[in-house]
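*Asks:* Following this message is one structure expressed as structure tokens.
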Amino acid sequence: MIHKVFPVGPLQCNCSVLGDEQTREAMVIDPGDQIDDILKILREEQLTLKQIVITHAHIDHVGGAMKLKAATGAPILMNQNDYALLKMLDVQAAWIGMRPPGAVQVDEALEPGRVLNIGNISSSVIHTPGHTEGSICLYFPQEKRLIAGDTLFAGSIGRTDLPGGSTEKILRSLHNQVLALPDDTDVIPGHGPATTIGEERETNPFLQK
Ligand SMILES: [Zn+2]
């Protein structure tokens, strides 16, 4: 699997470009900004974008989605519980002093348990409410990799003080869903360095019983 992770935009959201080496089909997760850089990677790797996946409707994760869709024709997929938050992008832009990106139109709702296939690469949607109501993680069982959005970070967890946030829910999501994954699962958080489930299970201060 081709997997490029790089931080985009002023809040340095980790954007992922994932591609199948054989079919050259690709998925982009959280194109918050720097769409020209994403398009350059797709071109260099000779990848055809099939899906744009949004882990949650915060502006730093979804801000560039419409521009990427316009350039590639790929549909935008997001969990429906974040639709209300997606309608507040102009308010979110004001919070962080960013230019509002304009309305984002979701093409397909990402239901919990939904399986997404890119060529021979398979991933499943884990609904992990808490940071936002519609937060999801995307799990790649063959590659033992988790794209965690802003639910889990190396040594920390997502903030829950923004609209739709709930500390109780994020802890339930983490303990019941995320920590149910094998210890040797690589975790790509929505911001900051990569980690593993085992490392976070052992050392993350927010996950100790
Ligand atoms: Zn967020």
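*Asks:* Using a 1.4 Å probe, what is the accessible area per residue for the chain, in Å²? It would help to have the intermediate numbers written out before the result.
*Replies:* Numbers: 9040 Å² over 209 residues.
It amounts to 43 Å² per residue over the chain.
*Asks:* Going through the cross-link list Lys69/Lys209; Lys87/Lys169; Lys67/Lys209; Lys4/Lys209; Lys40/Lys169, which pairs have a Cα-Cα distance over 32 Å in this structure?
*Replies:* Check vs 32 Å cut-off fails for Lys69/Lys209; Lys67/Lys209; Lys4/Lys209; Lys40/Lys169.
*Asks:* Under the rule that an exposed site lies in a DSSP loop and has at most 15 other Cβ atoms within 10 Å, name the longest stretch of the chain with no GluC sites (Glu not before Pro) of that kind, not counting the sites themselves.
*Replies:* So the longest stretch without any such site is 46-142.
*Asks:* Rg and Dmax of region 1-50, using alpha carbons, in Å: what are they?
*Replies:* For region 1-50, the Cα radius of gyration and maximum Cα-Cα distance read 10.3, 34 Å.
*Asks:* Short version: ³J(HN,Hα) in whole Hz for each residue of region 143-149, in order, from phi by Karplus 6.51 cos²θ - 1.76 cosθ + 1.60 (θ = phi - 60°), x for Gly and Pro, what are they?
*Replies:* Whole-Hz 3J(HN,Hα) from phi for region 143-149: 8, 6, 9, 10, 8, 9, x.
*Asks:* Now a separate question. Work the Kirkwood hydrodynamic radius out for the chain: mean of 1/r over every pair of different alpha-carbon atoms, inverted, in Å. Could the numbers behind the result be given before it?
*Replies:* Working: mean 1/r = 0.0595 Å⁻¹.
By the Kirkwood definition, the hydrodynamic radius is 16.8 Å.
*Asks:* I need the per residue convex hull volume for region 1-118, using only the alpha carbons, in cubic angstrom as a whole number.
*Replies:* Here the figure is 91 Å³ per residue.
*Asks:* May I ask you to give the percent of accessible area on region 60-177 that is carbon plus sulfur, with a probe radius of 1.4 Å?
*Replies:* Whole-percent figure for carbon plus sulfur exposure: 51.
*Asks:* Modelling each spin label as a point 7 Å along the Cα-to-Cβ direction, I'd like the Arg172/Asp90 distance in nm, to one decimal.
*Replies:* About 3.4 nm, to one decimal.
*Asks:* Taking R0 as 30 Å, what's the FRET efficiency between Thr23 and Thr160 from their Cβ-Cβ distance, rounded to 0.05?
*Replies:* Plugging the Cβ-Cβ distance into 1/(1 + (r/R0)^6) gives 0.15.
*Asks:* What's the extension gain from Arg43 to Lys209 if we count 0.36 nm per residue and subtract their Cα-Cα distance? Working shown, then result.
*Replies:* Values: separation 166, 0.36 × 166 = 59.76 nm, distance 4.64 nm.
Taking 0.36 nm per residue and subtracting the Cα distance, the gain is 55.1 nm.
*Asks:* How much net charge surrounds Gly9 when only other residues with a Cβ under 15 Å from its Cβ are counted (Lys, Arg +1; Asp, Glu -1)?
*Replies:* On the way: positive: Lys67, Arg99; negative: Asp30, Asp33, Asp36, Asp37, Asp60, Asp150.
Taking every Cβ under 15 Å from that of Gly9, the sum is -4.
*Asks:* Top mean-square fluctuation among Met27, Met78, Met88, Gaussian network model of the chain, C-alpha springs under 10 Å?
*Replies:* Met88
*Asks:* Rg and Dmax in Å for region 69-126, alpha carbons only: what are they?
*Replies:* Both quantities, over Cα of region 69-126: 14.1, 41 Å.
The values are calculated or read from the model by the stated rules, or taken from the named source; none is laboratory data. Just so we're clear, the structure is a prediction, and the values are computed from it rather than from any experiment. A quick note on method: Cβ atoms are made from the backbone with ideal geometry, for glycine too, and the neighbour counts reach across all protein chains shown. Heavy atoms of the whole protein, side chains included, go into the accessibility calculation; ligands, DNA and RNA do not. Shrake-Rupley method; radii C 1.70, N 1.55, O 1.52, S 1.80 Å.
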